Each structure stands twice: as structure tokens, then as C-alpha cells.
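The values are calculated or read from the model by the stated rules, or taken from the named source; none is laboratory data. On a predicted model such as this, the values are computed, not experimentally measured, just so you know. With ideal geometry, Cβ positions are generated from the backbone for all residues, glycine too; neighbour counts draw on all protein chains shown. Each accessible area value is taken on the protein alone, full model and side chains, heavy atoms only, with ligands, DNA and RNA left out. Shrake-Rupley method; radii C 1.70, N 1.55, O 1.52, S 1.80 Å.
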Amino acid sequence: MFSRVVLILVTLVSLPLTGWSMNVHYFLNVQIDPENQLLTGMARLHADDNLNLTLTIKNLSDVRVDDQPTSAVDNNLILPIQKGKEIIITYQAVLNDKSLHFVDPENVFLAGNWYPQPDRLVEYALSVTLPKDFLANSAAEKITVQTTEKYSTFTFEFPYPLDDLSLAASKNYVFKTDNYKDIVIETYFFKADANLADTYIEYTKKYLARYEEQLAPYPYRRFAIVENSLPTGYSMPTYTLLGQAVIRLPFIVNTSLGHEILHQWFGNSIFVDYSKGNWAEGITHYLADHDYANAEGKGAAYRKQILLDYHAYINDQNVQAVRQFNTVGDKASQAIGYGKAAMIFHMLKQKYGDKLFFTALQDFIKSYSFRQASWDHIQAIFEKHTGHYLDRYFAQWLDRQDIPHLTVEPAKLVVNQGQLILNFTVVQQTSPFQLRLPITLYLSSGKKTQQFIEISKAKEKITLTLDELPTQVILDEDYDVMRQLLPQEISPTLAAAMGKSNMLIVAAKEQRTLYQPLIEAINPNPINWTTPQALKFNQLRKNSLIIAGFDTSPLEQLFGKQSLPQEGVRVIVHQHPYNDKEVIVQLHAKDNNEVKAAQRKLSHYGHYSTLAFTAGVNTEKNLTVSTAGIPIFNHSPTQALQPDQTAHLNDIIPTIAKSRVIYVGEQHEKFSHHINQLMIIKPLHEAGYPLAVGMEMFPVSSQAILDEYLANQIDERTFLKKSRYFSQWRVDYQLYKPIIDYVKQAGIPLIALNIDPAITHKVVKEGIHNLTAEEQQHLPTAMDFSNNQYRQDLYQVFLIHQQQFDHQNFDYFFQSQLLWDETMAQSAHQYLLAHPGTKLIVLAGNGHLMYRYGIPERLHRRNGEPFTVIIQDEKMAKGIADYVLLTEAIQGKLSPRLGIWLEDKNNQVIIKAVGEKTLAYQAGLKVGDVITQFAGQDVQSSADLKLALFYTQPNSTVTIQTIRTGKKLTQELSLSEEGYFH
Ligand SMILES: [Zn+2]
């Protein structure tokens, strides 16, 4: 799509109330003296009945009725008119009101308040006298000109009612004319643009042909394209008025021209009953702008843009129902009256098909030409042609202010007698709409199919029967439904920043003047200014922000450290990490001149996320990628690898040894993964590389204990106790013992990388903003929330965990994961900085390493050093890692498992459940027992119990002391050899 100019296309004019039953006849003669901005006019009117006519005479002077001076109240002149008796009004006007009048010695444009204007539709006969070298245009089927030595008089024939006359005239017009069938096409272009006339005429013919074919014959005998100097586009019966700045834009013939021509049917011959809402912009936008994009294969993108604009500009204060929309005032009313209204027609067309849709519109045109119509008439026409009551459809879209908010609960695949069945639930988060939703299925064979479902309840269970395994199932992938976009569907754009009413500016005091013009161009009404130092976390969290300068501490806290741009002006729009309704704009400007040059351009680039300008010339424009549609089901296609092409772990050691940082991922419970980690550490150490091993399993706070243990100052049991290994990490220490024992005897330092789990636990429940000032001290000094893929993958993880645990807020979950990764990256970075010759091997869960967006890129952002990512037993997806190890299970020595579920409460360990055929069951342990001692060790927590279990020996018998209903019990448990190898 092209970048848009600030171009407001509206229909002026035309409110016939009762079709042809006009009874006022109005002859208007005016002389215009452009040199002096003076107008002298005479109106002659008569009526077919006795009536009182109210005329607005605002801006007019020396008004005389039948040669008598008159006094008006509030600019309104009330005239009793007797049937058959003519009334003559003479008046003068000084035309210097810039908003509706534009008059200079060479150009005239008049719309409203330039003649005594009746409060109803009348049929006008207009004649205008101007200096001889002027050409004039107004609504007319035919224009005749009489010329004297000094003057030209134009007479405009238009035998239809109008509520407002307009006039465009200029000394500089080059007139051109042509025909399409019996329709006269005329252009009034300024001399400088006269060469564009032929192109406009050719396109006009194309559009007339298109809409005559699609809809109905063109309603008039003439169509004129008239240039003027205002930066706008208007459509009036029989002509369109396009500003010079507009007419010169190369894409106008492909877009706005067709839109204005289509208005001749919708708005300029079927008139809008404004008391019941303006439907004409919706249908025109749909059959013009939307259909032109659709013809280029960009229909889905165009509709997504409609939803994005709605998201960007609509808030609780400016939301209105479509039926309340009258004329476009700003981007918000445009998002409703053009965008949402166009989607209402799109959904009708999707449901009933092209043929019925156009037949109904043809009938609509036939029935309402030169009459007024409302949404009710459109509903009636579609009811007639579909044979359905469409009350609910039109009421929910026209009268409700909100739009559907859809989400999907994760799908389950069921196989029933060889038949694949996909079950999922579509949830409407607000009061339910009746909707027809498209579902796109991508099948493993590469085929793509589409199905439709109808929903009308808050929760709708859907069952799809499939022939093949799908790789992806997506709801509304092509944006066929007017609905709220989910956060992952929204690219942060400059337009979103432009629509914000809570914009906070963050700029150092001495930079304000420099950035002011750019900020004004983005959002002229910020709620406040603050400095990077004074910015409070709560201000940051609640608002959209513009942050000036790339080297400020708030930016580093949000998107990592930024390098200073080369361009004159650079703009990056981010999704707000703490608030999915807000955006953050970061701005860089080299100097005043660059600011001035770029300022005027910004508003044209609203649909982008990243922009760069040098001397006002756009050098970069990018849109951050977002997902298409709402994912229902994802399943990577089954892969086939050729084993002959794979290498063994040993083969890759020389290659990975070249990296400064080597990440080796794991699934924590897999013994084979830990053996592989050891088999990477060992050869590198033996090859003589100075090494350190960084571990996810220990928080930074336990580094001192780790050091004491490695230095043999404490024994293993003390180390495990003091590091709170079993309460903080929980995974059986037997899995890590081989590695830690090795590095200890080899003298390799162990580095605790992780954040204190108490902090991430709190963040996942309450968000970063609820951390105390003391807790916030432990946050990494730089964070980068901007990786969209990372965010979206975590969203999938969240959907699964949400049901297992009680993580209700995705943003908090996202924050906790990011804190985790940024802290590990920061700890690793600090160690590497202090130990320049050392390589670091990082052991962490696969999830923190794959696609490199967890720890690896966050560390690389800090140090730029080469790294290798190895993960184990994950899918062979492109880009997931440098190496994926496929392992075979190894029976390793583990601590025995009792087979009980425990609860920690008031320093007591209570049994919540006992599994059948488990050690605990054999020992006679029961639900409700409190375990007080195990193998001679006091037990006050499940961590104590795990530690005690870790130190049991195969083929031994241990005692367990419990309290059961107040009584002390001692039981014996024999631990067989097999229990240790599982
Ligand atoms: Zn329009």
C-alpha cells in the first residue's frame, strides 16, 4: 500500500428530503469581482404553495428583500412566501472567510454562505458572471457561456434538487473535454498540471465503465475533474474537486479518483439521510479503495489495516456506533465511518456471495436514485434479496459501539477410528456477536483449505473433522471479520502513537527545543514532559511514550543499549513492554535542519514501525512483522533427516571451541543431556582452554557458597543446604552432580547466572511494577523487550502453562521470562569482562537458548563475541540452534522417588497423596501424615526431604518418622537398587 497523504475525501452537498416533490424554485445570479473579493447577488424565488422559508444570510451584507432593507435574527431570514408570487433578494458579500471561501485575483472557490441559503432542498438555476478570462464550474448537466467584451456569464443547468451550491472558477484553467458513451468528461486543470488531464480522462473512462458494469448507468450526463488550491478532495454531483497537492500525487488516479467517481452513485445521486447516519462512505470505501487493493492481491492487508487503524485511533472517549457517523472529522471518525462501515459490506458479501451482493446493490440504486436513503433501506434491500431477517446483523454492527473480541482456547487433536478430529473453543470476551468465521487449514501435504463456522454464544465448542494432519489452523487469517486484534497481530506503528491521548514525552531539558517539532508532528497534545532521570515506573507503565535521544537510561531498560544512528532523523516504534495498549516511540535527531526537513514528512508514514530520514528524504521504512489471524493449532511437519549426513558430538568439538561462549541446552530431567554437557566441558578443558561453566540452576546470590564449595571450604551437604538448591531449583541433584564434581576437581570456576527466583515468582504474579525499590535493585541494568518472535513463542508457552498453573497475565509471565534471560546474560557478561581469556560454557534449559533470543542474543548485544548454541532433543527447525543433539536415553543414578505429593506448610511437610505401588505406599505412609524425620535427618520442608533422599544408598533400609493424627509413628523403608536407576 502507498503511504497516505493527509487527504480527507468527503461528499459535500445534497440532502433532498422528499425526492421530486420540490416546490421552491430559486434563480440565482451573481457577479464576482475576484480582484476585490466582492460578490453581488440577486436571488429570485417563488413557490408552488404558501410557505415560510428560512434563509441563512451569514456573511452577507446589504441584504434587501423586494428592495427593502431587512433585519435578520441570528443570521436567519424568515420569509413568508405566497404561492405564485416572486420574491427578489439582493445582497453583497465580501469573500475572505478562508475556510469555505477561497478567493484571490485568479481563483475562486465557494461552498456555503455565499448566497441566501434555504433550509431545505431546492432546485437552483445558477448563473455567474466573472471577468472574461475566468472559467467556472458548478453542479451541472450542461454549462453555457455568454461572453461580452469584459465578462463571461456561466449558466449551470441542473434539474435536480440540491441543498448547497458550490462554485470553482479560475483564470488559470486549461479546459479539456472528451466523452465516454454519452457522458461528457471535462477537466479544469491549472496550466502547470494540464499535462495530467489525459491520464485523468483515461482513468475516468475506466472507472465509469467499471461501475456502470458493476452497478448501474452513470446517473448524470457530465463529469468534471476540477483542480483547486486547497489540499483536499471533494465530491459534488457531476464533479470532483481535487487540490493541486493531491492531483499531482501519482497514486490518486489509482485510488481517490475512482472513490470520488463512485460517490456519484453513492452520496451524489442516492442521497444520504444524515439524520440516520452516513452509509455512503462505507460502501464507497469498500467498492473503491478496498477493491483496488484486493485486485492487487492486497485485500487481506487492506482489511488488516482497517482493523489496525481502528485499534490505533478508537478509544472509550471517541468510540461511536456506525449509525452515529455523519461526516469525517478526524482519524477516529474515519476508522468507523469508512473502515468499520466498509467491513460491514465486506462481511455481507462474504456471506452471501458476489452475485447476490451486487444484485442487491443494483436494486438499491434503481430504487433510491435521486432520493434519500438510510441504512434501514440498505437492510431492507438485503433482506429482500437474501430472504433472511437481518435485524441482528445490522443492529450489532450499526448500533453497538464495540466490536467482537475473539480468543481461542488451545485445540486438542483426537483420533477416532482413524478419523482426525480437532476440538477447540472460540471465546467471545464481550457480549456475544453473531459471527461467521473463516478457518484456514494448512495441511501436511502442503494443501490449504478453508472452512466457515457460525458462532453466536460467549463460548462455542467447535469440532472439525480432518482428512490429513494439519500443520497450522488459523482463525480469520485474511481479516474478513471486524474484530479486535490480539496483541501479537498488532505491529507497533507511528499511527498508533498519533492516536494516543496519553502521550508522555521523555527528554532531557536541553534537548526539548530540538525535538519539539518532531514530537508535535507525531502527537501534538502530550499529557506531560519529563526527564529520563525523573521518569517514574508508574508513569512509564500507564502511558504511551516518546523518548528523545537514543542514549537514555529508560530506553536501555526497555530495549537494550542502542547505538547512535547515522541518519539525520530516526524513529522506532515499539510495542510497550508493560502495557499492550500503549506504544513507545524512540526518536533520534542529528540537528535542527534535519528535524525541520523530516517534520513535514512524518505524517505520511503512519503505517510504519521504523523510519529513517536524511535531509528530509526517507531512506528506510519498515513494518514490524506481526502474525496473521488467531492461531488455533500449530504442529511442525514431521521431518525426515538423513543419518548419513549427521556428525557425532566429538566431531563438532574443534568447531565449537572457536567460540567465546558455548551454550549447551538441556531438558532438566534427562540424564543423557547432562552427560553430553560433561562430554563438551571435558574435552575443551583437556585441550587446555581456560574455561568457566555458567549455570542457570544457581541464582547470583549463591555465588559465594559455590565458591566456598569449589575451594573445599564446605562439604557437599552444607553446599546443597546453604545454596538452598533443593528449594530453589528442585531438580534431583544426581543429574548435575557428575558435572559439578568434575569441574570441582578440574579447578574450573562455576558461575551462578540466574535471578533470585523470589523475584521472578513475584513478577509472574504481580508484574515488575509491583516490585519493591529494594527488589528493583536486582533487575538487570539493560533489558530488551522488542523481540516479537520471542514474545510470540512465549505466548504459546503461556497458553499451555496458564491452565497448569495460575498465570493469568501474559505480560507478567513475559516479564518474568525476560528478567530471567536478561539477568543470565548480564551475569555471564560481567564474568567474561573480568576474565578476558576465558571461555564460558553456559548450561541452561533449551527454552533459554533456542532461536538465540533468550540468553545468547542478549549476551551478544552486550559483548558482540562469537558464540555457539547447542540444544538437545528439540525439533530440527531452521535457525533453532547451531546444533541439535539427538540423544539416546541413559540410565543414570538418580535419587529414589517415594511416590508422594507433598505440601509445605508452617515448617511441616504434609502428604497430600500417595501413589499406588510406590515406596511410600509399601512403607504404609498415608495422606495427612506429617513427615518429621527421614533417614536420621530432620525434615521441615520438602527440600530437606529431597536432600535426605539424595544421600540414601541403594539396598539400604531407612526409617521415616511421621505424625499421624497427633501420634508419632516410625516406619521402615527398604530401598532396592532398581529404585535408583529410572
Ligand atoms: Zn468518500
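A compact table of results
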{"item": "Three semi-axes of the equivalent ellipsoid, the stretch 9-269, Cα gyration tensor, whole Å, largest first", "result": "31, 22, 15"}
{"item": "Value of relative contact order over the stretch 272-398, rounded to a whole percent, pairs C-alpha under 8 Å and six or more apart", "result": "32 percent"}
{"item": "Residue-span extension gain [ASP756 to GLN639] - 0.36 nm each, minus C-alpha spacing", "result": "38.2 nm"}
{"item": "Antiparallel %, DSSP beta bridges [both residues in the chain], to 5", "result": "70 percent"}
{"item": "Amide H contacts of GLY767 (H built 1.01 Å from N, under 5 Å, at least 5 apart or other chain)", "result": "none"}
{"item": "Three-way shape call for the stretch 722-769 based on the alpha-carbon gyration tensor, with the a/c threshold at 1.5", "result": "prolate"}
{"item": "Relative contact order, percent, the chain [alpha-carbon distance under 8 Å, six or more residues apart]", "result": "7 percent"}
{"item": "In the stretch 876-982, the GluC sites (Glu not before Pro) that fall in loop regions by DSSP, at most 12 other Cβ within 10 Å", "result": "GLU888, GLU916"}
{"item": "Under-5 Å amide H pairs with VAL174, H placed in peptide plane, nonlocal only", "result": "PHE189, PHE190, LYS191"}
{"item": "Of LYS682/LYS721; LYS331/LYS542; LYS542/LYS621; LYS132/LYS331; LYS461/LYS926; LYS621/LYS878, pairs whose Cα-Cα distance is over 30 Å", "result": "LYS132/LYS331; LYS461/LYS926"}
{"item": "Cα-only radius of gyration and Dmax that characterise the chain, units Å", "result": "37.5, 126"}
{"item": "Ordering of 639-650, 318-329, 957-968 by packing [mean C-beta count within 10 Å, highest first]", "result": "318-329, 957-968, 639-650"}
{"item": "Out-of-range pairs (alpha-carbon distance over 28 Å; input LYS298/LYS596; LYS340/LYS500; LYS150/LYS191; LYS206/LYS349; LYS206/LYS447; LYS176/LYS596)", "result": "LYS298/LYS596; LYS206/LYS447; LYS176/LYS596"}
{"item": "Angle in degrees between helix 671-686 and the longest Cα principal axis of the chain, rounded to the nearest 10", "result": "80 degrees"}
{"item": "Lys/Arg +1, Asp/Glu -1 at C-beta; the chain dipole; positive extreme among ALA72, SER374, THR614", "result": "THR614"}
{"item": "For the stretch 602-608, 3J(HN,Hα) per residue [Karplus equation, 6.51 cos²θ - 1.76 cosθ + 1.60, θ = phi - 60°, Hz, x = Gly/Pro]", "result": "3, 5, 7, 10, x, 8, 10"}
{"item": "Gyration tensor (Cα) of the stretch 859-914, equivalent ellipsoid semi-axes in angstrom", "result": "40, 20, 11"}
{"item": "The stretch 9-269, relative contact order [Cα under 8 Å, separation at least 6], %", "result": "18 percent"}
{"item": "Binned Cα-Cα distances of the stretch 643-885, short to long, each 5 Å bin given as a whole percent", "result": "1, 6, 13, 18, 21, 18, 13, 7, 3, 1, 0, 0"}
{"item": "Zone residues, the stretch 481-499, relative to GLU520, backbone N less than 19 Å from point 7 Å out along Cα-to-Cβ", "result": "498-499"}
{"item": "Estimated vicinal HN-Hα couplings, Hz - the stretch 50-55 in sequence order (Karplus 6.51, -1.76, 1.60; Gly, Pro = x)", "result": "6, 6, 9, 10, 9, 10"}
{"item": "Within straight-line cross-link reach of LYS355, lysines at Cα separation under 19 Å, skipping those fewer than 8 residues along the same chain", "result": "LYS366, LYS384"}
{"item": "Under the Karplus curve 6.51 cos²θ - 1.76 cosθ + 1.60, θ = phi - 60°, whole-Hz ³J(HN,Hα) for the stretch 434-443, x wherever Gly or Pro sits", "result": "8, 9, 10, 10, x, 10, 9, 10, 9, 9"}
{"item": "Which of ASN29, TYR352, SER275, positive extreme of dipole for the chain (C-beta unit charges)", "result": "TYR352"}
{"item": "Solvent-accessible area, 1.4 Å probe, carbon plus sulfur percent, for the chain", "result": "49 percent"}
{"item": "Net charge dipole size for the stretch 737-877 [Lys, Arg +1 and Asp, Glu -1 on Cβ; Debye, nearest 20]", "result": "360 debye"}
{"item": "11 Å beta-carbon shell around THR54, net charge (K/R +1, D/E -1)", "result": "-1"}
{"item": "Pair-distance profile P(r), taking every C-alpha pair of the stretch 492-622, with 10 angstrom steps and integer %", "result": "14, 51, 33, 3"}
{"item": "Per residue Cα convex hull volume in Å³ - calculated over the stretch 804-932", "result": "224 Å³"}
{"item": "Kirkwood Rh and Cα Rg combined as Rg/Rh, the stretch 406-485", "result": "0.97"}
{"item": "For the chain: accessible area per residue (Å², 1.4 Å)", "result": "44 Å²"}
{"item": "The stretch 900-980: mean projected area of Cα convex hull, nm²", "result": "4.8 nm²"}
{"item": "Cβ-based charge dipole, the chain, positive-most Cα from ILE505, GLN745, TYR851", "result": "GLN745"}
{"item": "Debye, to nearest 20: dipole size of the stretch 260-394, +1 on Lys, Arg Cβ, -1 on Asp, Glu Cβ", "result": "300 debye"}
{"item": "Net charge dipole size for the chain [Lys, Arg +1 and Asp, Glu -1 on Cβ; Debye, nearest 20]", "result": "1220 debye"}
{"item": "Descending principal axes extents, the stretch 44-96, alpha-carbon based, whole Å", "result": "36, 20, 18"}
{"item": "Principal axes of the stretch 113-161: Cα extent on each, largest first, Å", "result": "38, 23, 12"}
{"item": "Between helix 810-834 and the chain: long-axis angle, C-alpha atoms, 0 to 90°, nearest 10", "result": "60 degrees"}
{"item": "Where the Cα pairs of the stretch 272-398 fall when distances are cut into 5 Å bins, in %", "result": "2, 11, 20, 24, 21, 15, 7, 1"}
{"item": "Gain upon complete extension [LYS83, GLU669; 0.36 nm per residue less C-alpha separation]", "result": "201.1 nm"}
{"item": "Sparse-neighbour loop sites [GluC sites (Glu not before Pro); the stretch 436-507; at most 15 other C-beta within 10 Å; DSSP]", "result": "GLU468"}
{"item": "Rg to Rh quotient for the stretch 763-869, alpha carbon positions, Kirkwood Rh", "result": "0.99"}
